[in-house]
Amino acid sequence: MPNNSRTVLVLHPLLAPEMAKLEMMFRVVRLYNEADPEKALQTIKNDVVAIVSNFATPVRRGLIEALPNLEIVAQYAVGYDNIDLEAAKERGIAVTNTPDVLTDDTADTAVSLLLALSRRICEADMFVRVGKWSSGSFPLGTTPKGKTVGIVGLGRIGRAIAKRLVAFDMRVVYHGRKQKAELAWPFYKDLEKMAAESDYLVLACSGGPETHHIINAKVLEALGPKGYLINIARGSVVDEDALVDALVHKRIAGAGLDVYAREPHVPDALKTMDNVVLLPHIASATLETRTIMGEIVLANLEAHFSGKALITRVV
Ligand code: NAP
């Protein structure tokens, strides 16, 4: 379907092979490479029919309204809290995402954080590298076996995390908008109550206004001085100031974070703590998964401009 008169505004690049395919299908404008993005946008705004975005690139009402011929936003991620869905719906603009294909890698990352925290893997690695081993043994860790993990958001990724942690002989409980009748794991409508009964609180819910700061000072207090917080969901889910405060005052035992309130900013206080593991939003970042995600973005664009049903439609 080569039609280079159609312009795609790319806010975040796909991997090189998928970018090459995109360029065979469309005229591609890489806004992130433009010295003056505002000026570039003014020049091409009437030509843009599609946007390729990801979690780090806001697609707000202002941008949507500035593009009179926009037809589709193809998100290179499963979460779409960076997109103003209402503004898209009002204009009949389609929005697609990349669900399922990143579930396993993201769940693996959550489990990696849980194990790294419990067994102090990053600290222990540093202990060897700086030559401390010759002067004594490394302090003991904590076993996840037999402990309770409270999962916030038992969707695709939450379930994949639960499945893995059951294999570690952990007890799974969960919180979400509604109980899943088909699952036997205990459901907590009250998040604070679940936190109080959990040794680990793992966040796997969607971002956006509904979940903004649902992890607040009270929930962290309930998690308690032996409890760990793991967040692979979105930074907006956690009140980051309350989290730093809880860690500084040892009101929780530690945190494993892949996502932050103002990425790529990470609070300096967190960087000084041994009981915190910090990742740069890499939960789905494997070559295999990012390749498939890129292919889904292309397939959705191709389907849309061929008049076929979208592969993974959000709205
Ligand atoms: P999903 O299947 O749609 O699951 C979303 C879950 O969030 C559902 O279980 C839902 O609960 C829960 N939820 C929604 N609103 C809630 C609320 N107000 N309170 C509590 N729970 C709420 O999506 P998914 O594929 O598992 O992905 C989940 C999220 O993970 C994505 O939206 C994205 O933000 C994040 N993610 C992050 C990375 C990363 O790189 N760190 C990678 C992939 C995904 P119900 O089941 O009760 O509706």
For this session: Enumerate the whole-percent occupancy of each 5 Å bin, from 0 to the last occupied one, for all C-alpha pair distances of the stretch 103-278.
Result: 2, 9, 18, 22, 21, 14, 7, 4, 2, 1, 0
Exercise. For the chain, modelled as a Gaussian network with Cα springs under 10 Å, which listed residue fluctuates most, N33, N69, N300?
Worked result: N33
For this session: Scan around I83 for amide H atoms under 5 Å from its own, H built in the peptide plane at 1.01 Å from N, and keep only partners 5 or more places away or cross-chain.
Result: V59
Exercise. Residue-wise, which Karplus ³J(HN,Hα) couplings in Hz belong to the stretch 103-119, taking 6.51 cos²θ - 1.76 cosθ + 1.60, θ = phi - 60°, and x for glycine or proline?
Worked result: 4, 5, 5, 5, 5, 4, 5, 4, 5, 4, 5, 4, 6, 4, 5, 5, 9
Seminar exercise, completed: Going residue by residue through the stretch 218-235, the Karplus relation 6.51 cos²θ - 1.76 cosθ + 1.60 with θ = phi - 60° gives ³J(HN,Hα) values, rounded to whole Hz and with x marking Gly or Pro, of 5, 5, 5, 4, 5, 4, x, x, 9, x, 10, 10, 10, 10, 10, 7, 8, x
Exercise. So what is the relative contact order of the chain, in percent, for Cα pairs below 8 Å that sit 6 or more residues apart?
Worked result: 17 percent
Seminar exercise, completed: Phi angles of the stretch 121-131, converted by Karplus (6.51 cos²θ - 1.76 cosθ + 1.60, θ = phi - 60°) into ³J(HN,Hα) in whole Hz with x for Gly and Pro, give 4, 5, 4, 5, 4, 5, 4, 6, 4, 8, x
Problem set entry | Residue (of A20, T43, G92) at the positive-pole extreme of the stretch 1-158, dipole from beta-carbon charges | A20
Exercise. Along the Cα-to-Cβ line of F127, 7 Å from the Cα, sits a label point; which residues in the stretch 243-282 have backbone N less than 15 Å from it?
Worked result: 274-276
For this session: Determine Rg/Rh for the chain; Rg is computed over alpha-carbon atoms and Rh is the Kirkwood hydrodynamic estimate from the same atoms.
Result: 1.02
Problem set entry | Dipole moment magnitude, nearest 20 debye, the stretch 103-278 about Cα centre, only Lys, Arg, Asp, Glu C-beta charged | 480 debye
Exercise. What is the set of long-range amide H partners of I51 at a cut-off below 5 Å, with H atoms built 1.01 Å from backbone N?
Worked result: L9, I72, V73, A74
Problem set entry | Sites E197 and E288 - FRET efficiency at Förster radius 45 Å, r taken between beta-carbons, to 0.05 | 0.75
Seminar exercise, completed: In a Gaussian network model of the chain with springs linking alpha carbons closer than 10 Å, the residue among A87, A50, A233 that fluctuates most is A87
Exercise. Roughly how many nanometres apart are two label points built 7 Å out from the Cα toward the Cβ at S306 and L183?
Worked result: 3.6 nm
Exercise. Roughly how many nanometres apart are two label points built 7 Å out from the Cα toward the Cβ at H212 and A167?
Worked result: 3.8 nm
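Pull out a ≥ b ≥ c, the square roots of the eigenvalues of the alpha-carbon gyration tensor of the stretch 170-269, then state rounded if a/c is under 1.5, prolate if not and a/b is larger than b/c, and oblate in the remaining case.
oblate
Could you tell me the relative contact order of the stretch 99-191? Use alpha-carbon pairs under 8 Å, at least six residues apart, and round to a whole percent.
Across the stretch 99-191, relative contact order equals 26 percent.
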Problem set entry | Dipole of the stretch 182-315, positive direction: furthest Cα of P186, H213, I311, with charges on the beta-carbon | I311
Exercise. How far is it, in nm, from the label point at K250 to the one at A20 when both lie 7 Å from their Cα along the line to the Cβ?
Worked result: 5.6 nm
Seminar exercise, completed: Heads up, the stretch 24-128 by the C-alpha gyration tensor (a ≥ b ≥ c square roots of eigenvalues; a/c under 1.5 rounded, else a/b over b/c prolate, else oblate) looks prolate
Seminar exercise, completed: The alpha-carbon center of the stretch 166-235 and that of the stretch 114-137 are separated, in whole Å, by 28 Å
Exercise. In terms of the Cα gyration tensor, with a ≥ b ≥ c the square roots of its eigenvalues, is the stretch 172-220 rounded because a/c is under 1.5, prolate because a/b exceeds b/c, or oblate?
Worked result: oblate
Seminar exercise, completed: Expected max-MSF residue from V219, V166, V202 in the GNM of the chain (alpha carbon, under 10 Å) is V166
Seminar exercise, completed: Within the under-10-Å Cβ sphere about R6, not counting R6, Lys/Arg +1 and Asp/Glu -1 give a net charge of -1
For this session: Starting from the amide H of R171, placed 1.01 Å from N in the peptide plane, find each other amide H under 5 Å away whose residue is 5 or more places distant or on another chain.
Result: G146, K147, T148, V149
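Taken together, the values in this text are just the output of simple stated rules run on the coordinates, not laboratory data. Computed from a predicted structure; not experimentally measured. Using ideal geometry, Cβ is built from the backbone for each residue, glycine included, and neighbour counts are taken over all protein chains shown.
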